[in-house]
Amino acid sequence: MKRSRFIAALFCTILGLAGLQAQTLKLLVWEEYLDPDVLKAFTKETGIKVVEDNFDDNEGLMAKTGTGKSGYDIVSPSDYAVQVMARRKILADLDHAKLPNLKNLSKDFVDLYYNPGQKAAIPYTWGTSGLAYNKKKIPNPPKKWADLFDPGTLQPLKGRISILDDAREVAATALLALGLDPNTSNKADLDKAGVLLRKQKPFLAKYDSASAEDSLASGETWLAQGFSGDIATAQAENPDIAYLIPEEGVTFFIDNLCVLQESKNKEAAHRLLNYLLRPDVALANMNAMKFASTNGAIDEGGIDESLKASAALVLPPKEKRVLFKDPGQEMGDAFEALFNDLKN
């Protein structure tokens, strides 16, 4: 009788594992965020298939997942978006018992303001949103965000400037230039920022987050506000690209991996998250995708030399870092309204 029970239990276990291995995880993450070879290796190791889709900004991510019927399992929101999505109950609580590799997180990324106790998010990459420029085209680059609103500085660069296609990032450039808080809760501050941004717009080539690094590397644009990892990619293609942190400060972002509350594949999702927390996997992803890792157990000797000298690992002093926070519904709508009006 005991033998029969054992065989039955074993059979159920095998069926459960087979069901897990037959699963497909759907990811909605930043473009060029996870190395395809890393995901292929996970599938080879576990049998769990991974399908990846991309988004361009946090607002788009939140809109897409806000209904609870997006069909995705794992997403990669930035810091403040984790706050918003947790408040809206879009994210599932993480099961730490299934994430033993959480111990590999650097202490600098544990118990962050938006994610105490790593309850809903795993910080995975970090970076800055500074200014990149072509040294051959711009021997004397702007030093401050305020320079980007000076017609005398802008005129020689007209049609060669790219600014991120992101409501919070765009507003931050003007707010910093004005000496105002990018996390302001005062709509009058946004009105002041809007005045600057509308005067700047005629000088721009485009608002672009998806391909800013390609335009910069090819020489289509000469000056770009960009995410540091993307700029590192441009630098790998074009050695004339340099990166700087404006004097007023710079937005500092932490992108995370989260499981959606709606996911029906939470077991498999935790397996992928734990896999991505392995030092060797995090190192491979960082070298390939060029976004700095939060993994404190990485072998620093394995970091590509070109990456060490790139924009990806430029870490500004703490007093120069601006981390976005949840603005609340009313101010969040105001940031979006400003940007939509600017683009139309």
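Some points to look at:
- The amide H of Leu112, built 1.01 Å from its N in the peptide plane, has Gly117, Gln118 as neighbours under 5 Å, considering only residues 5 or more places off or on other chains.
- Net length gained if the chain between Asp191 and Arg88 were fully extended (0.36 nm per residue, minus Cα distance): 34.3 nm
- Each of the peptides 236-244, 124-132 was scored by the mean count of other Cβ atoms within 10 Å over its residues; in descending order, highest first, they stand as 124-132, 236-244.
- Relative contact order, percent, the chain [alpha-carbon distance under 8 Å, six or more residues apart]: 27 percent
- Cα gyration tensor shape for region 196-334, rounded if a/c is under 1.5, else prolate or oblate: oblate
- Rounded to the nearest whole Hz, the Karplus-based 3J(HN,Hα) values (6.51 cos²θ - 1.76 cosθ + 1.60, θ = phi - 60°) of region 116-129 follow the sequence x, x, 6, 5, 10, 8, 10, x, 10, 9, 9, x, 10, 10, with x at glycine and proline.
- A straight chain from Arg278 to Ala337 at 0.36 nm per residue would run longer than the Cα-Cα distance by 17.2 nm.
- Separation between Cα centres of region 216-252 and region 89-127, rounded to whole Å: 29 Å
- Anisotropy class of region 93-238 from Cα gyration tensor, a/c 1.5 cut: oblate
- Reachable aspartates and glutamates from Lys201, criterion Cα separation under 19 angstrom, eight or more residues apart if same chain: Asp147, Asp150, Asp165, Asp166, Glu169, Asp189, Asp191, Glu220, Glu336, Asp341
- Legend: distances between Cα atoms for Lys40/Lys308; Lys69/Lys98; Lys103/Lys308; Lys44/Lys64; Lys199/Lys343; pairs beyond 18 Å are Lys40/Lys308; Lys69/Lys98; Lys103/Lys308; Lys44/Lys64.
- Per-residue Karplus couplings for region 309-321, computed as 6.51 cos²θ - 1.76 cosθ + 1.60 with θ equal to phi - 60°, are listed in order as 9, 9, 4, 4, 10, 6, 10, x, x, 4, 6, 9, 9 Hz, Gly and Pro entered as x.
- Estimated dipole of the chain in Debye, rounded to 20 [Cβ of Lys and Arg +1, of Asp and Glu -1, Cα centre]: 920 debye
- Whole-number percent relative contact order across region 257-344, with pairs defined as alpha carbons under 8 Å at least 6 apart: 17 percent
- Taking a ≥ b ≥ c as the square roots of the Cα gyration tensor eigenvalues, region 88-153 comes out prolate, since a/c reaches at least 1.5 and a/b is larger than b/c.
- Ranking Ser215, Asn58, Gly71 by how far each Cα lies toward the positive end of the dipole of the chain (charges on Cβ) leaves Gly71 at the top.
- Dividing the summed -39500 (n - 2.57) terms of all DSSP H runs of n ≥ 4 by the residue count of the chain sets its mean residue ellipticity at 222 nm at -12000 deg cm²/dmol.
- Relative contact order (%) - criterion: Cα under 8 Å, at least six apart; region: region 218-297: 35 percent
- HN-Hα J in Hz across region 214-229 - Karplus 6.51, -1.76, 1.60, θ = phi - 60°, x for Gly and Pro: 5, 5, 5, 5, 7, x, 4, 10, 10, 9, 8, 6, x, 6, 4, x
- Spacing of the modelled spin labels on Lys199 and Lys320, each 7 Å from Cα toward Cβ, amounts to 2.6 nm.
- Taking the average, over residues, of other Cβ atoms within 10 Å as the packing measure, peptides 309-315, 193-199 rank 309-315, 193-199 from highest down.
- From least to most packed, judged by other beta carbons within 10 angstrom and beginning with the fewest, Lys187, Lys69 follow the order Lys69, Lys187.
Every read-out reported here was derived from the displayed coordinates using simple, explicitly stated rules and does not represent laboratory data. This is a predicted model, so every value here is computed, not measured. Cβ sites come from the backbone with ideal geometry, for glycine too, and all protein chains shown count toward neighbours.
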